[in-house]
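Chemist: Before I ask anything, here is the structure I am working with.
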Amino acid sequence: MSDIETLKQESRIFNPPAEFVKNANISGMETYKAMCAAAERDYEGFWAQLARENIAWQKPFTKTLNESEAPFYRWFEDGQLNVSYNCLDRNLQNGNAGKTAIIFEADGGQVTKVTYKELHDKVCQFANGLKALGIKKGDRVVVYMPMSVEGVAAMQACARIGATHSVVFGGFSAKSLQERIIDAGAVAVITADEQVRGGKHLPLKSIVDEALAMGGCDTIKNVIVYKRTGANINFVAGRDKWLDDVLAGQAATCEPEWVDAEHPLFVLYTSGSTGKPKGVQHASGGYLLWAMLTMKWTFDIKPSDVFWCTADIGWVTGHTYIAYGPLAVGATQIVFEGVPTYPNAGRFWDMIQKHKASIFYTAPTAIRSLIKASDADADVHPKKYDLSSLRLLGSVGEPINPEAWMWYYKNVGNEKCPIADTFWQTETGGHMISPLPGVTPMVPGSCTLPLPGIMTAVVDETGHDMPNGQGGILVVKRPWPSMIRTIWGDPERFKKSYFPEELGGKLYLAGDGAVRNEKTGYFTITGRIDDVLNVSGHRMGTMEIESALVANPLVAEAAVVGKPDETTGEAICAFVVLKRARPTGDEAKAIAKELRDWVAKEIGPIAKPKEIRFGDNLPKTRSGKIMRRLLRVIAKGDQITQDVSTLENPAILEQLKQAQ
Ligand code: ATP
Ligand code: MG
């Protein structure tokens with residue numbers, strides 16, 4: 001696992017604009033260093049002070065961190081709070097009652113604005129409605145909703161009554177939904193009749209029916225249905241209720257259920273990039289704290305900002321940076337129902353222009369697909385739109401290839417917006433490693449430095465620090481407030497997965513490889529540790545080779561995996577999507593040769609892919625991450641027997657199998 005070689009050095013560096021630094025919430029490297037030093041000096045004191053300053057506690061905590069049952073850490077454990085109270089009521093008290101909380105844009109372009117007062121009232125009615133159905137503190141509620149104000153309100157309403165929500169992305173199948181309902185032991189499902197994406201109506205309620213009919217879901221007593229399209233749907237008497245009926249007659253105030261800081265706010269399943277998804281359990285207090293702090297620190301949030309995170313509420317990014325973080329800091333945010341390519345691939349840019357978004361946060365997979373689209377059609381190029389309202393950009397989900405970073409920086413940010421390349425995970429609750437926009441000189445493809453209080457490091461297989469310049473395993477050395485508390489119902493798997501004995505049992509194992517720059521100490525994620533390549537004894541991460549391929553003007557996306565090889569042990573097999581149509585025959589051979597030579601020149605002959613296959617796309621999770629574990633099986637020529645429940649586009653597997 002350890003000692004990943006990196007051969008290419010990225011030398012481009014971009015300083016944050018002076019104006020930005022001057023006005024930033026964290027301004028300048030000295031301030032950042034002082035904060036890091038404060039955390040080093042008195043770790044618990046550092047967090048305790050922030051937790052007191054940022055959260056409205058119903059009952060103040062006296063204990064900061066309890067490590068007695070490590071790695072089951074407890075933060076602020078004798079404190080009590082309510083997360084929804086912190087997100088809503090506090091804004092009514094702070095003079096934000098009339099401020100727009102959510103600018104909702106539907107798939108078809110209709111815009112609805114909701115103030116903090118309106119959202120508060122809706123959430124209270126929702127919470128009262130849930131209580132009237134007998135749903136109570138500690139119950140689990142599955143939310144299977146389209147992107148909507150109601151989806152956010154459903155999560156907030158659960159938080160308000162102390163029910164633990166488990167949001168399941170609306171693109172998941174009945175089987176995936178059923179598995180999550182059973183695993184969570186949920187008592188209710190909140191869903192919609194249908195969802196609308198890219199002009200198409202897609203079923204939700206009928207998938208819930210199907211999931212519940214598969215059996216094992218007897219815990220479910222209620223299915224609450226939000227009427228999105230008015231489609232004709234099946235109703236099971238006694239079990240199913242329209243949301244409108246649940247809300248009808250309910251008061252617009254609801255005394256929050258005060259819960260202990262460690263009370264589980266939600267359980268969310270990971271993307272499944274590396275295996276079967278894990279039900280990640282988060283606590284209330286520590287999670288809320290970090291959602292707020294990262295909004296302030298990484299996103300430099302100001303009262304006048306229009307914040308837009310394009311993630312779905314079905315992913316952790318949509319939890320922390322839609323459902324909780326922006327509301328907890330009183331921001332105005334955009335919530336978008338649709339997809340980036342409908343009615344055309346200029347949709348994001350059009351919406352930024354229309355709503356004057358100032359902070360924009362999206363995923364590398366979206367950026368790469370929009371680069372490809374705007375290369376093909378100049379009308380949807382970001383330069384065609386007025387994006388001057390933007391002041392800050394963000395990226396999350398995968399390593400961003402340096403060339404995609406450059407395109408984002410130049411064409412979307414007009415070379416004046418810092419980019420926060422935020423490394424984090426479902427398990428971490430919020431950002432871990434990221435440039436701070438008023439602090440950190442940026443290097444394309446590097447997530448740079450950990451946030452203050454976050455003790456990340458690169459170690460070898462035995463848990464010892466690696467020197468800078470040598471790649472290894474990314475770990476976190478100290479518990480932090482928003483960390484995963486356990487895997488729902490499986491504490492043993494939690495321990496084994498995240499605090500393995502091999503590393504001494506005290507280091508949090510992220511599952512990603514990283515290398516720190518010799519001079520700057522900057523972190524670069526090299527890829528998943530499961531995906532490390534070993535060619536003739538040289539250990540390489542996937543990221544570097546993929547980024548070299550993406551830097552070729554012909555290439556839109558690339559994924560590399562190893563396949564067994566008699567002479568080199570492992571040989572590199574690259575799966576490539578071109579910006580133009582998928583080549584075949586002699587053309588494919590010629591381009592493959594060109595790309596092999598290109599990689600040899602960019603990185604070195606050792607990194608040259610032995611085999612290159614072209615596809616129309618790559619197998620991805622529904623959150624847009626490349627699933628290299630499936631490509632490894634294809635490269636080897638084996639049958640796929642792994643978990644593919646979170647795969648977005650199964651048909652692509654056949655195509656890549658055929659492509660030689
Ligand atoms: P599973 O854990 O089930 O395999 P997953 O790891 O894809 O799924 P998530 O929690 O959604 O589930 O994703 C976290 C992972 O995404 C990180 O471990 C890392 O590999 C990747 N990632 C996220 N942001 C970045 C980033 N800015 N740079 C590099 N990698 C990132
Ligand atoms: Mg993971």
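The values are calculated or read from the model by the stated rules, or taken from the named source; none is laboratory data. Predicted model, so just to flag it, every value in this text is computed and none were measured. Virtual Cβ from ideal backbone geometry, glycine too; neighbours counted across all protein chains shown. Just so you know, the surface numbers come from the protein's heavy atoms only, side chains and all, with ligands and any DNA or RNA stripped out. Shrake-Rupley method; radii C 1.70, N 1.55, O 1.52, S 1.80 Å.
Chemist: Check whether at least one residue in the range 410-427 is within 16 Å of ligand 2 (Cβ to nearest atom), part of a helix (DSSP H, G or I) and either more than 21 Å from F307 (Cβ to Cβ) or open to solvent by 10 Å² or more (accessible area, probe 1.4 Å) (or both), and report yes or no.
Modeler: Kept after step one, since they are within 16 Å of ligand 2 (Cβ to nearest atom), are these residues of the range 410-427: 422-427.
Those still in the list that are part of a helix (DSSP H, G or I) too: 426-427.
In the following step, the residues that additionally are either more than 21 Å from F307 (Cβ to Cβ) or open to solvent by 10 Å² or more (accessible area, probe 1.4 Å) (or both) were identified as 426-427.
For the range 410-427, residues within 16 Å of ligand 2 (Cβ to nearest atom), part of a helix (DSSP H, G or I) and either more than 21 Å from F307 (Cβ to Cβ) or open to solvent by 10 Å² or more (accessible area, probe 1.4 Å) (or both): present.
Chemist: Please go through the range 279-290 and pick out each residue that is more than 14 Å from ligand 1 (Cβ to nearest atom) and touching a helix residue (DSSP H, G or I) at 6+ places or on another chain (Cβ under 6 Å). Outline the logic, then answer.
Modeler: Quick first cut of the range 279-290, residues more than 14 Å from ligand 1 (Cβ to nearest atom) only: 283-290.
Across the range 279-290, the qualifying residues are S284, L288, L289.
Chemist: Can you spot a residue in the range 67-84 that is in a helix (DSSP H, G or I) and under 22 Å from T320 (Cβ atoms)? So that I can check it myself, show each step before the final result.
Modeler: Step one: list which residues in the range 67-84 are in a helix (DSSP H, G or I), which gives 83-84.
Checking the rest, the ones that are also under 22 Å from T320 (Cβ atoms) come to 83-84.
Yes, because at least one residue in the range 67-84 is in a helix (DSSP H, G or I) and under 22 Å from T320 (Cβ atoms).
Chemist: To continue, here is another question. Out of (1) more than 20 Å from D89 (Cβ to Cβ); (2) among the hydrophobic types (A, V, I, L, M, F, W, C); (3) touching a Lys or Arg at 6+ places or on another chain (Cβ under 7 Å), what's the single condition that is false for C254?
Modeler: (1)
Chemist: Could I ask something else about it? Within the range 21-48, which residues are among the small types (G, A, S), in a helix (DSSP H, G or I) and surrounded by 15 or more Cβ atoms within 10 Å (Cβ to Cβ)?
Modeler: Within the range 21-48, the subset among the small types (G, A, S) is 24, 27-28, 34, 37-39, 45, 48.
Checking which are in a helix (DSSP H, G or I) leaves us with 34, 37-39, 45, 48.
The answer is A38, A39, A48.
Chemist: Among the residues of the range 437-481, how many are in a strand (DSSP E or B) and without any contact (Cβ under 8 Å) to a residue 12 or more places away in the chain?
Modeler: Going residue by residue through the range 437-481, those that are in a strand (DSSP E or B) are 442, 448, 450, 456-459, 465, 471-476.
Imposing the further condition that a residue be without any contact (Cβ under 8 Å) to a residue 12 or more places away in the chain reduces the set to 465.
Residues in the range 437-481 being in a strand (DSSP E or B) and without any contact (Cβ under 8 Å) to a residue 12 or more places away in the chain: 1 in total.
Chemist: Taking the condition of being within 16 Å of ligand 2 (Cβ to nearest atom) and open to solvent by less than 10 Å² (accessible area, probe 1.4 Å), how many residues in the range 273-321 meet it?
Modeler: 6
Chemist: Restricting attention to the range 538-590, and to residues there that are among the acidic types (D, E) and part of a helix (DSSP H, G or I), which single residue is surrounded by the fewest Cβ atoms within 10 Å (Cβ to Cβ)?
Modeler: Restricting attention to the range 538-590, the residues satisfying the condition of being among the acidic types (D, E) are 544, 546, 557, 565-566, 570, 586-587.
Next, from what is left, pick out any that are part of a helix (DSSP H, G or I): 544, 546, 586-587.
On the way: E544: 30, E546: 25, D586: 8, E587: 13.
So, considering only residues that are among the acidic types (D, E) and part of a helix (DSSP H, G or I), the one surrounded by the fewest Cβ atoms within 10 Å (Cβ to Cβ) is D586.
Chemist: Turning to a different aspect of this structure: I367 - would you say it is part of a helix (DSSP H, G or I) and either on the phi > 0 side of the Ramachandran plot or in contact with a Lys or Arg (Cβ under 9 Å, 6 or more places away or on another chain) (or both)?
Modeler: Working: part of a helix (DSSP H, G or I): yes; either on the phi > 0 side of the Ramachandran plot or in contact with a Lys or Arg (Cβ under 9 Å, 6 or more places away or on another chain) (or both): no.
When the stated conditions are applied, I367 does not pass them.
Chemist: Please determine, by comparing only the residues of the range 482-505 that are of a type in the set (S, T, N, Q) and not in a helix (DSSP H, G or I), which one is surrounded by the most Cβ atoms within 10 Å (Cβ to Cβ).
Modeler: If we filter the range 482-505 for residues that are of a type in the set (S, T, N, Q), which is where we start, we get 482, 486, 497.
Narrowing the set further to residues that are not in a helix (DSSP H, G or I) leaves 482, 486.
Details: S482: 26, T486: 22.
Going through the qualifying residues, I end up with S482.
Chemist: Assess whether I233 counts as being more than 16 Å from ligand 2 (Cβ to nearest atom), hydrophobic (A, V, I, L, M, F, W, C) and surrounded by fewer than 24 Cβ atoms within 10 Å (Cβ to Cβ). If you could, list the steps in order and put the result at the bottom.
Modeler: On the way: more than 16 Å from ligand 2 (Cβ to nearest atom): yes; hydrophobic (A, V, I, L, M, F, W, C): yes; surrounded by fewer than 24 Cβ atoms within 10 Å (Cβ to Cβ): yes.
Spelling it out, I233 is indeed more than 16 Å from ligand 2 (Cβ to nearest atom), hydrophobic (A, V, I, L, M, F, W, C) and surrounded by fewer than 24 Cβ atoms within 10 Å (Cβ to Cβ).
Chemist: Can you tell me which of I334, I400, I359 is under 23 Å from the mean Cα position of the chain (by Cα), at pLDDT 95 or above, open to solvent by less than 10 Å² (accessible area, probe 1.4 Å) and within 12 Å of ligand 1 (Cβ to nearest atom)?
Modeler: Working: I334 fails: within 12 Å of ligand 1 (Cβ to nearest atom); I359 fails: within 12 Å of ligand 1 (Cβ to nearest atom).
Within the list I334, I400, I359, the selection yields I400.
Chemist: Also, I was wondering about something else. Starting from the range 489-514, keep only residues that are under 14 Å from Q281 (Cβ atoms), then list their pairs with residues that are at pLDDT 95 or above and of a type in the set (S, T, N, Q) whose Cβ atoms are within a distance under 6 Å, requiring at least 6 positions of separation or different chains.
Modeler: Close Cβ pairs (under 6 Å, with a partner that is at pLDDT 95 or above and of a type in the set (S, T, N, Q)) amount to F494/T486.
Chemist: Continuing with this model, one more query. Kindly provide the set of residues from the range 475-494 that are farther than 22 Å from K63 by Cβ and among the aliphatic types (A, V, I, L, M), ordered by number.
Modeler: Of everything in the range 475-494, those that are farther than 22 Å from K63 by Cβ and among the aliphatic types (A, V, I, L, M) turn out to be V475, I487.
Chemist: Follow-up. Any chance the range 260-278 includes a residue that's more than 25 Å from the chain's Cα centre (by Cα) and either within 16 Å of ligand 1 (Cβ to nearest atom) or at pLDDT 95 or above (or both)?
Modeler: Yes; the residues of the range 260-278 include at least one that is more than 25 Å from the chain's Cα centre (by Cα) and either within 16 Å of ligand 1 (Cβ to nearest atom) or at pLDDT 95 or above (or both).
Chemist: Restricting to strands (runs of 3 or more DSSP E) lying wholly in the range 149-206: which have 3 or more residues that are under 21 Å from V335 (Cα atoms) and open to solvent by less than 10 Å² (accessible area, probe 1.4 Å)? Can you show your working first?
Modeler: On the way: elements: 164-167, 188-192, 194-197, 200-203.
So the answer is 164-167, 188-192.
Chemist: A further question follows. Which of the following residues is under 30 Å from G109 (Cα atoms) and without any contact (Cβ under 8 Å) to a residue 60 or more places away in the chain: Y361, Y385, Y409?
Modeler: Details: Y361 fails: without any contact (Cβ under 8 Å) to a residue 60 or more places away in the chain; Y409 fails: without any contact (Cβ under 8 Å) to a residue 60 or more places away in the chain.
Sole residue among the options that is under 30 Å from G109 (Cα atoms) and without any contact (Cβ under 8 Å) to a residue 60 or more places away in the chain: Y385.
Chemist: Out of T341, T229, report the one residue that is closer than 26 Å to A106 by Cβ, at pLDDT 95 or above and under 22 Å from the mean Cα position of the chain (by Cα). First the steps, then the outcome.
Modeler: Details: T229 fails: under 22 Å from the mean Cα position of the chain (by Cα).
Of the residues listed, the single one that is closer than 26 Å to A106 by Cβ, at pLDDT 95 or above and under 22 Å from the mean Cα position of the chain (by Cα) is T341.
Chemist: Hey, among G527, G537, G505, which residue is within 14 Å of ligand 2 (Cβ to nearest atom) and either small (G, A, S) or not assigned by the TED database to the domain that holds R580 (or both)?
Modeler: Details: G537 fails: within 14 Å of ligand 2 (Cβ to nearest atom); G505 fails: within 14 Å of ligand 2 (Cβ to nearest atom).
Of the residues listed, the single one that is within 14 Å of ligand 2 (Cβ to nearest atom) and either small (G, A, S) or not assigned by the TED database to the domain that holds R580 (or both) is G527.
Chemist: Ok, one more. Based on what the data block shows, is S388 open to solvent by 10 Å² or more (accessible area, probe 1.4 Å) and at pLDDT 95 or above? Walk me through it before giving the result.
Modeler: Values: open to solvent by 10 Å² or more (accessible area, probe 1.4 Å): yes; at pLDDT 95 or above: yes.
Yes.
Chemist: Moving to a separate point now. In the list A51, A18, which residue meets the criterion of being open to solvent by 20 Å² or more (accessible area, probe 1.4 Å) and among the small types (G, A, S)? Before you say what the answer is, go through the steps one by one.
Modeler: Numbers: A51 fails: open to solvent by 20 Å² or more (accessible area, probe 1.4 Å).
Exactly one residue qualifies, and that residue is A18.
Chemist: Could you tell me whether any residue of the range 616-626 is among the hydroxyl-bearing types (S, T, Y) and open to solvent by less than 20 Å² (accessible area, probe 1.4 Å)? Write out each step before concluding.
Modeler: Step one: of the range 616-626, the residues among the hydroxyl-bearing types (S, T, Y) are 621, 623.
With open to solvent by less than 20 Å² (accessible area, probe 1.4 Å) added as a condition, the list becomes 621.
Within the range 616-626, one or more residues are among the hydroxyl-bearing types (S, T, Y) and open to solvent by less than 20 Å² (accessible area, probe 1.4 Å).
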